[in-house]
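The values are calculated or read from the model by the stated rules, or taken from the named source; none is laboratory data. None of these values were measured; they are calculated from a predicted model. Glycine gets a Cβ as well: all are built from the backbone with ideal geometry, and neighbour counts include every protein chain shown. Surface areas here come from the heavy atoms of the whole protein model, side chains and all, with no ligands, DNA or RNA. Shrake-Rupley method; radii C 1.70, N 1.55, O 1.52, S 1.80 Å.
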Amino acid sequence: MDSLQVQAMNQAQDARRTTELTRIAAACERLECGEYGFCAKCGSDITPARLQNDSAVSFCLACA
Ligand SMILES: [Zn+2]
């Protein structure tokens, strides 16, 4: 693998990490507001199974 490929892969990984951190920060804000576990779009409960699968998820299955 040449260095340009390595650089591109690192950049892609950084972008994914940034996106993930943003999602987690948003989930923490919802926790503080008492809105955690509710869909950010329709306000209905997000199923525990869905939260267990991805604890930073912000939409219910219907809105995702
Ligand atoms: Zn929803």
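Could you look through segment 47-58, keep only residues that are in a loop (DSSP other than H, G, I, E, B) and more than 15 Å from the ligand (Cβ to nearest atom), and pick out the one that is least open to solvent (accessible area, probe 1.4 Å)? Only one residue tops the list, namely 56. Modelled with pLDDT of 95 or more, under 12 Å from the mean Cα position of the chain (by Cα), within 16 Å of the ligand (Cβ to nearest atom) and not basic (Lys, Arg) - does that describe any residue in segment 28-46? Among the residues of segment 28-46, not one is modelled with pLDDT of 95 or more, under 12 Å from the mean Cα position of the chain (by Cα), within 16 Å of the ligand (Cβ to nearest atom) and not basic (Lys, Arg), which makes the answer no. Checking every residue in segment 36-45 against the condition of being part of a helix (DSSP H, G or I) and open to solvent by less than 60 Å² (accessible area, probe 1.4 Å) gives zero matches.
Here residue 61 qualifies as within 13 Å of the ligand (Cβ to nearest atom), open to solvent by 50 Å² or more (accessible area, probe 1.4 Å) and free of Cβ contacts under 8 Å to residues at least 24 places away in the same chain.
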